[in-house]
Structure formats: structure tokens, C-alpha cells
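All of the numbers you see were taken from the coordinates with simple rules; none came from a lab. Predicted, not measured: the structure shown is a model, and the values here were computed from it. As a convention, Cβ positions derive from the backbone with ideal geometry for all residues, glycine included, and neighbour counts pool all protein chains shown.
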Amino acid sequence: MKISPPVTKKLSDILPIEPTLLMGAGPVPIPEEVARANSIVISHLGEPMNTIVKKIQEMGQYLFQTKSSKIFGISGPSSSAMEMAVTSFLYPGRKVLVLNLGTFSNRFAELSRGVGADVVELFPAPASPFRASDVAAALEKERFDVLTIVQGETSCGIKNIELEQIVKLAKTKNVRTIVDTVCTLSTMPFFMDEWGIDIVVTGGQKGLSSVAGVSLIAFSEEAYAFVQNRETLMPHWCLDPRRANKFWCNHEYHYTAPVNGVNALYEALRLICEETLEKRQERHANSSKLLQTSLEKMGLTLYAPAECRLNSVVAINNPEGINTKELITYIKDTFNVEISGAFGLNVIRVGQMGEQCRPQNVKRVLEAIGKAYVHFGVKLDLQVLKTL
Ligand SMILES: *Cc1c(COP(=O)(O)O)cnc(C)c1O
């Protein structure tokens, strides 16, 4: 039996004529320069790739605020960077404390169980971040090898405001730390070396405003030495840092790098360096503040208390009786704007990462949300839209 070709459609016949404005929790819109770079295929070895790789590492050192030379790109989602981190430090007989704040923090627990490590999870009070005192108590009770924590939990819009104290505390107990900065890197202050973090992971399609599929990981020199010297086999071939080191530090073949994605990441990082971290963080803070206060002026309430509210992803309490799925579909169909629902919580989520923090985009998403809720019968005051 032969299988005949299916009926085909051009991509342009599937996509909307006007691109949908992506104001959800990722992926986010990308700058022109990144889009152009993403269309360029070059050889994965030799010049100019060697220079591009070297520059990505230098720019990565600035973003992570580290002097470590062990910064690798990974062909894969942010979760694959998380997986490289977990498999580097954990194997049967080792124990991890997972600070579980929601969906993405929880992924560290799943990944750790997958490699046969002992997993202990800590949960905070509802709608709260982790307190260093709670973590201290957990570290007193048992001996851990590793602690995992997210800087910001995208699924609920909460930031771990005591991240610095928590990772420093772990260090005093000789517990290695893995920090997820997927939705936060470049959007808020982060200091890998100063805070003494062992491994940091981030992705392309969120804070960095690059494309999905090429992620970044930074090992402290000491963390890398641990991996280099460990005798237990690494479970993955693609995600083995010692093999990644061949390409990223020695310019030798590991696997064929996602060359166009690497080019895109290069441009995304270059734009961040040109903007500077200080100005970029200020832009994120101001844009998110405007979004948050405007939503509150309309009469909506936000899920995370102000003191631990993440700038980069804002979770809005969904008023009683509104079906979030219908609301989100209506917003997409009517305004050509995409926002996110949530996993479990009754909230909708709006992203404020990279290109999402532009005045025209904030204005459009506010108008879409305000008008959509009014359409579904929620009583809101939309005066604030006139002031934007
Ligand atoms: C999105 C996200 C991830 C997972 O990213 P993928 O690219 O989908 O694998 C992990 N952590 C955080 C904090 C995220 O926001």
C-alpha cells in the first residue's frame, strides 16, 4: 500500500494576514534584527561561527554577570537547559531540595526523579514566594546536595524576592544551586557570581526576545569542574556539558548547532548589550507598572501581592463567571492579540518580556482585555484607556 501526499496548504494560508500580537507568557515578539538573523543559514564550524560563539559567551557573561567561561548554548527548549543542569548534578544517591512555586519549579522535581535522585519538595504559603527562613529550616533538617529555585515563576507571576539570601544560604551548607531565569534574565537584576550560583539556565523566547529552540546555560567554573570530574556516566549525549564544551569552548564538532537560531540569539544578546541591562530593566519595570496600574484602575485585581509581583508575567484574577478559554479566544479573534490562560489557577496572564514592553503593545493588550471583559458582562471602568 502506498500513502499518497496529503492536501497541502501554504504556510501563509494558515497564518493570519496580520501577525497576531503575542502578549502571553511566551513566545514573545522578536525585533527585526533577530528575525533577519534567524533566516540566515551558515556553516556550523569555522569562521564566522567561531566568532559568533565567542561573542555569545562574552555577552552571556554580561547578562548572567559572571566571569565564568563555561557558557553553552543548547539546541532545545529552556527545559532542555534545565535537564542539562539537573543531569549534571544529580544521579542515584544524590538528594535535591526543589522549591516548588508552580509549574516550572515543579519541572525540576520531575527531571530530578527521572535521573533517580531523591527529591524533597518545599511549597510556600498560597500566593507567596519562598522565605529564606523556611529554606533554612529545611536545610537544617536534612542534608541536600542540590537546591533548585526559579527567579520568577511564570505560571503564577510570583518572584522569589529572597533568591539572593536563599542561594547564599545554600552555599554555606555546601548545597549546589540551580537557578531558572527563563522569564526573568535581562528583565530584572541578577548576579550569578556575586550571589554564588552554580548553574543558571535561561531560554530564548521569553526575557531575551529571541526565538524558541536555542537556550543558554552558565556553569560556574567550580560547577563545571564537578561535572568534568564526576565518574558516574551522564545519561544524555546531547546534553552532556563536557561534549557541549567541545563546541562552545574549543570550536569542535559536538552536534550540528542550530545555526540560524544561534544567529538569532546573537542578535538578541547584542541588542540587550546595546540597550544596557540597567535601561532594559528600567523599561521592563516601567512598562509592567503601567500595565498593572491600568488593569487595577479598570477594576481588575492581580493575583500576586505587590511586594512579590513579577514584572515579566502579570497574572490577573479572572472575575467570577467568566470562562477564561472563551475570553482568550474572543481576544484573539476580535483584537488579534494573544494572552495566556493558566495551569490550574483562575487567572489570565500577560507577558512583559522584551518586545512586549513597548507602549503600543501595552496599549493594545489593555484595550483588548478591558473591552473583552466588558463584552462578557464584567463591569469595568475603561477611562484609563484614553490616557494611554
Ligand atoms: C517557559 C518557562 C520554562 C520552560 O521553557 P520551555 O522553553 O517551554 O522549555 C521554564 N521555566 C520558566 C520560568 C519558564 O517561564
- prompt: Which is the longest run of the chain containing none of the trypsin sites (Lys or Arg not before Pro) found in DSSP loop states (not H, G, I, E, B) with at most 15 other C-beta atoms within 10 Å?
  reply: 231-378
message: As an exercise, use a Förster radius of 35 Å and the Cβ-Cβ distance of R143 and E110 to find the FRET efficiency, rounded to the nearest 0.05.
response: 0.95
message: Neighbour counts of other C-beta atoms within 10 Å: give me H254, H375 arranged from fewest to most.
response: H375, H254
message: Compute a Gaussian network model of the chain, connecting alpha carbons closer than 10 Å, and tell me which residue from N100, N286, N311 fluctuates the most.
response: N286
- line: Any GluC sites (Glu not before Pro) in region 54-144 that lie in a DSSP loop and have at most 13 other Cβ atoms within 10 Å would be E142
query: Tell me, what is the percent relative contact order of the chain, built from C-alpha pairs under 8 Å that lie six or more residues apart?
result: 24 percent
field: Mean residue ellipticity (222 nm) of the chain, computed from DSSP H runs ≥ 4 via -39,500 (n - 2.57), nearest 500
entry: -13000 deg cm²/dmol
message: Testing the spin-label approximation: label points 7 Å from Cα along Cα→Cβ at H236 and S4. State their distance in nm.
response: 4.2 nm
Full-extension gain in nm, C249 to H44, via 0.36 nm per residue minus C-alpha separation: 72.4 nm
message: Cross-link candidates for K289: which aspartates and glutamates have Cα within less than 17 Å, leaving aside residues fewer than 8 places away along the same chain?
response: E278, E307, E355, E367
- prompt: Count the lysine pairs in region 84-217 that are 8 or more places apart or on different chains: how many have C-alpha atoms under 25 angstrom apart?
  reply: 12
message: What is the distance in Å between the Cα centroid of region 123-159 and that of region 30-65?
response: 34 Å
- request: Tally the DSSP beta bridges in the chain and give the antiparallel ones as a percent, rounded to 5.
  value: 50 percent
